[in-house]
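Nothing in this text is a laboratory measurement; each read-out follows from the coordinates by a stated rule. The model shown is predicted, which means the values in this text are computed figures rather than measured ones. Cβ atoms come from the backbone with ideal geometry, glycine included; neighbour counts cover every protein chain shown.
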Amino acid sequence: MRPNSFVARDPADPEHWSRSRLVGEVQALRARRDELLRGANASVETIRALRHQCRTGRTPDTDPPHPEQQYLDLLRDCLENGVYREGRNGGTFGLFGRQIRFDLSQGFPALTTKRLHFRSIVVELLWFLRGDTNTAFLHEHGVTIWDEWADETGELGPVYGKQWRSWSDYSNHGNFRDIDQVANLTAGLKNDPYGRRHIVTAWNPADIDEMALPPCHCLFQFFVADEKLSCHLYQRSADVFLGVPFNIASYALLVHLIALEVGLEVGEFVHSFGDVHLYENHVEQAHEQLTRTPRAMPFLHIARHDVDDIAQYQPRNIVLCDYDPHPAIRAEVSA
């Protein structure tokens, strides 16, 4: 098996993660459980195993579910349990307070139940890390995902790149300074890896009104244990169909880049959501995605030979390998 990769159980079997098949199996197990519970010969271990399998669809000794199943469960949760609300940009089915997590040593969490435009994910993250707030760099690399919020010159105001790399501070008796949160983060991880201040925030109340779009993924913290680097992201607003898959891959990539910068292995990416929602005009697409079976996770290759600083990466340095997803599912952005 390839190191740092995850292979699903029998990924070629199109029915492996089938909901209808699972429902049938669970119904049969419940009938068998009831039969055993009525009998005098059922052992405690047998009863416990059957109860576990009825609850989860898996026996205790089977492989864990594909990591992507967490995302699919979140998508289904929004469909089935989301509260309908009319908002600024359309109707949504929303939930509050959810969390998913990925072990990055087991593979890169780019969704396989629909194709992601990985180049856009890479270019946007590098744009953040450069401290840029103009769409020119994005356009140089064929990325237009921020265009609808930019002004006629391509400016977006003090969005993510500004806050990450040059947070403006006027608090020291009128003296001005810029705070480079990413530089402080990497220095802190090198000099005090077990510290609890490895935090970057994009939520700057003084600048919110000047931003073309307030930050949705607004705060993240890093954690070091056993020479592994983990990241916990808090996202205040999460478009579960279009935005969340992009955000998962973006922050997983950020963990890899920071880990290389500070000489650590990758650990977990933990993703916590405040308001997570499915737009009404994405319901049909969500149903389509939920019919698909997750495939083997890809892995990441990062070429660092010509990079001295995290802001110097180019898209050519970052390659997603063995990515074999289902086709893309088109949906309109709700701006």
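Size descriptors for the range 80-187, from the alpha-carbon set: Rg then Dmax equal 18.3, 54 Å.
The residues packed around residue 236, meaning those with a beta-carbon under 13 Å from its beta-carbon, carry a net charge of -1 if Lys and Arg are +1 and Asp and Glu are -1.
In the range 66-321, inverting the average of 1/r over every pair of distinct C-alpha atoms gives 19.2 Å as the Kirkwood radius.
With no solvent and one point on each alpha carbon, what is the Debye value of log10 I(q)/I(0) for the range 161-307 at q = 0.11, 0.15, 0.21 Å⁻¹? After summing over all Cα pairs, the log10 values are -0.54, -0.93, -1.37.
Seen from residue 112, the other residues with C-beta closer than 10 Å to its C-beta sum to a net charge of +2, counting Lys and Arg as +1 and Asp and Glu as -1. For the range 59-124, the square roots a ≥ b ≥ c of the C-alpha gyration tensor eigenvalues yield an a/c of 1.5 or more together with a/b not exceeding b/c, which makes the shape oblate. The coefficient of translational diffusion for the range 223-335, derived via Stokes-Einstein from the alpha carbon Kirkwood radius under 20 °C and 1.002 mPa s, stands at 132 µm²/s.
P(r) tail for the range 177-263: Cα pairs beyond 14 Å make up 68% of the total. Sorted on the mean count of surrounding Cβ atoms within 10 Å across their residues, most packed first, peptides 135-144, 203-212 read 135-144, 203-212. Looking at the range 99-205, the trypsin sites (Lys or Arg not before Pro) that sit in a DSSP loop and have at most 11 other Cβ atoms within 10 Å of their own Cβ are 196, 197. Taking Lys and Arg as +1 and Asp and Glu as -1, the other residues whose beta-carbon sits under 14 Å from that of residue 227 total -1.
Counting 0.36 nm for each residue step from residue 288 to residue 169 and taking away their Cα separation leaves a gain of 38.1 nm.
Put a dot 7 Å past each Cα toward the Cβ at residue 213 and residue 155; how far apart are the dots in nm? About 1.9 nm separates the two model spin labels. Listed by chain and number, the aspartates and glutamates whose alpha-carbon sits under 18 Å from that of residue 228, ignoring those within fewer than 8 places in the same chain, are 103, 192, 261, 265, 268.
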